[in-house]
Amino acid sequence: MWIVFAFGSAIFAGGTSILAKCGIRRTDSNVATAVRTIVVLVFAWIMVLVAGSGSQIGQIEGKAFLFLILSGLATGASWLCYFRALQLGDINKVVPIDKSSTVLTILLAFLFLREKISLIGTAGVALIAVGTFLMIEKKEGKTEPGQRKGKSWLLYAAGSALFASLTSILGKIGISGVESNLGTAIRTVVVLAMAWVMVFATGKQNTIKDIPPRELMFICLSGLATGGSWLCYYKALQDGPASVVVPIDKLSILVTVAFSHFIFGERLSRRSGIGLGLLVAGTILMLF
């Protein structure tokens, strides 16, 4: 059953990137992240109430609570980097780098969670790594409003991947023995606090009232998609091995690439197409 939740996470995550891109054309990425996290938080706690797991919060062990908080901090850092990268670069360039966190997550799962990697799994990791490299191309063409030339988007995307890897490992440890909806809700509180600290630290709190209504709608829809993705992801992570759940979740790149083509007119080059094929092939191998 955890495989079904893992694929559900991938579908929702793919929609998240597209909706978020629509919501940060003129809106500051940190502000957008803070606003959408409110939506995720409300969604997460509604699910806690539906599941009736709120009363269990007092039973969570100190170690699990600590790792949930650390996972939330890593998630917040990953989000801030990811949505800044999305604002500066093309989706087809940013998403593959973010998804490269799969390789690092698998290595960390092997080192810290003692999850074994088979020969086929090793081949899958190699394909994912090569596919990611092929999909990373220099951004060409004219920039959209709010974008800057250069490779700053690449640094933000790399930071997103690094923190996303830590999120998965810390979340796997913290979610053990904790109802997945409740664990997700607790993490979201941490992410929300971190996001708003960044808004005030950068002095962007006064720009919230200037968010265009259309972009605000897409930011909120992105938050709902993220909430759905998280709930599926951490349920899958609770019941299944991180070294398999994470690669399935990263198949969201297929959804993202498809929508970015139809909505933003972003096209894959031949090199990127080969890279995408290797990414998918590597992920499928990881299932075995």
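The values are calculated or read from the model by the stated rules, or taken from the named source; none is laboratory data. What you see is a predicted model; the values in this text were computed from it and never measured. Because the Cβ atoms are built from the backbone with ideal geometry, glycine has one as well, and the counts that use them run over all protein chains shown.
In this structure, is Gly72 touching a Ser or Thr at 6+ places or on another chain (Cβ under 9 Å) and either of a type in the set (Asp, Glu) or under 27 Å from Pro241 (Cβ atoms) (or both)?
Spelling it out, Gly72 is indeed touching a Ser or Thr at 6+ places or on another chain (Cβ under 9 Å) and either of a type in the set (Asp, Glu) or under 27 Å from Pro241 (Cβ atoms) (or both).
Could you please let me know if Ser165 is of a type in the set (Gly, Ala, Ser) and farther than 22 Å from Leu66 by Cα?
no
Mind telling me which of the residues Thr27, Thr37, Thr16 ends up being touching a Gly at 6+ places or on another chain (Cβ under 8 Å) and on the phi < 0 side of the Ramachandran plot? I'd like the intermediate steps shown before the answer.
Details: Thr27 fails: touching a Gly at 6+ places or on another chain (Cβ under 8 Å); Thr16 fails: touching a Gly at 6+ places or on another chain (Cβ under 8 Å).
From the options Thr27, Thr37, Thr16, the qualifying one is Thr37.
Give me a count of the residues in the stretch 260-285 that are within 14 Å of Thr122 (Cα to Cα) and either free of Cβ contacts under 8 Å to residues at least 12 places away in the same chain or touching a Lys or Arg at 6+ places or on another chain (Cβ under 8 Å) (or both).
The qualifying residues number 2.
Could you grab me the full set of residues in the stretch 148-172 that are surrounded by 18 or more Cβ atoms within 10 Å (Cβ to Cβ) and farther than 16 Å from Val95 by Cβ?
Leu166, Thr167, Ser168, Ile169, Leu170, Gly171, Lys172
Tell me, please, whether a residue that is modelled with pLDDT under 85 and more than 13 Å from the chain's Cα centre (by Cα) can be found in the stretch 247-256.
yes
Quick grid of which residues meet (1) within 20 Å of Ser78 (Cα to Cα); (2) in contact with a Phe, Trp or Tyr (Cβ under 8 Å, 6 or more places away or on another chain); (3) surrounded by fewer than 20 Cβ atoms within 10 Å (Cβ to Cβ):
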| position | (1), (2), (3) |
| --- | --- |
| Gly177 | no, no, yes |
| Gly183 | yes, yes, no |
| Thr188 | yes, yes, no |
| Val191 | yes, yes, no |
| Trp196 | yes, no, yes |
| Thr202 | yes, no, yes |
| Ile208 | no, no, yes |
| Glu215 | no, no, yes |
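The conditions are (1) closer than 19 Å to Ile120 by Cα; (2) in contact with a Ser or Thr (Cβ under 7 Å, 6 or more places away or on another chain); (3) not small (Gly, Ala, Ser), and Tyr234 fails exactly one of them. Which is it?
It fails just one condition, (1).
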